[in-house]
1. Over 12 Å from the mean Cα position of the chain (by Cα), within 16 Å of the ligand (Cβ to nearest atom) and assigned to a loop (DSSP other than H, G, I, E, B) - does that describe any residue in region 54-64?
2. For region 7-33, which positions are among the small types (Gly, Ala, Ser), within 15 Å of the ligand (Cβ to nearest atom) and either assigned to a strand (DSSP E or B) or in contact with a helix residue (DSSP H, G or I) (Cβ under 6 Å, 6 or more places away or on another chain) (or both)?
3. Can you tell me which residues in region 65-79 are in contact with an Asp or Glu (Cβ under 8 Å, 6 or more places away or on another chain) and more than 14 Å from the ligand (Cβ to nearest atom)?
4. Determine if region 92-104 includes at least one residue that is within 16 Å of the ligand (Cβ to nearest atom), on the phi > 0 side of the Ramachandran plot and part of a loop (DSSP other than H, G, I, E, B).
5. Of these, SER91, SER47, SER72, which one is at pLDDT 95 or above, under 12 Å from the mean Cα position of the chain (by Cα) and surrounded by fewer than 21 Cβ atoms within 10 Å (Cβ to Cβ)?
Amino acid sequence: MKVGISNDHSAVDLKNSVLAHLKEKGYEVINYGTDTTDAYDYPLAGSKLAKAIQNEEVDLGIAICGTGVGISIACNKHKGIRACCCSEATSARLSREHNDANILCFGARVVSNELANDIVDAFLKTEFSNGERHKRRIKQISEIEYIG
Ligand code: RB5
């Protein structure tokens with residue numbers, strides 16, 4: 001599985017920690033985020049990753065800003081993107097199982113390196129359940145994209 005990761009200036013250290021964890025686990029990872037602490041706005045960081053998912057450069061994404069909130073809002077403006085902001089592993093697992101989330105977001109000011117690894121592991125190892133009721137609800141979400 002190919003994983004994309006992106007981050008703003010507030011999340012360089014946490015991004016590097018998650019990157020190292022993913023590489024240790026054998027994932028192929030593409031870094032779309034900034035590697036410096038110079039201001040790099042989270043909408044740009046989120047948008048780069050969202051486009052990579054849309055173009056099928058990567059299968060799933062991880063997006064990190066200070067809280068995870070701003071970058072998740074930016075990602076969710078992209079068609080076909082279902083980004084979830086999670087500060088614990090249960091929500092991350094259920095976001096895959098029920099919502100077929102394709103981008104996991106969290107905040108460098110909110111979660112520790114260890115907790116981030118747990119959240120990421122839960123997200124990446126969980127498949128969409130493919131249940132009829134979940135497919136129906138996801139279809140309803142994409143219909144909202146067309147209504148605007
Ligand atoms: C940047 O300082 C900060 O606002 C950003 O990382 C994020 O927390 C926004 O949601």
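1. The answer is no, given that none of the residues of region 54-64 is over 12 Å from the mean Cα position of the chain (by Cα), within 16 Å of the ligand (Cβ to nearest atom) and assigned to a loop (DSSP other than H, G, I, E, B).
2. GLY33
3. LYS79
4. Taking region 92-104 first, the residues within 16 Å of the ligand (Cβ to nearest atom) are 103-104.
When the remaining residues are screened for being on the phi > 0 side of the Ramachandran plot, the result is none.
Within region 92-104, not a single residue is within 16 Å of the ligand (Cβ to nearest atom), on the phi > 0 side of the Ramachandran plot and part of a loop (DSSP other than H, G, I, E, B).
5. Unique residue meeting the criteria: SER47.
The values are calculated or read from the model by the stated rules, or taken from the named source; none is laboratory data. Computed from a predicted model, the values in this text were never measured in an experiment. Neighbour counts run over all protein chains shown; Cβ positions are idealised from the backbone, glycine included.
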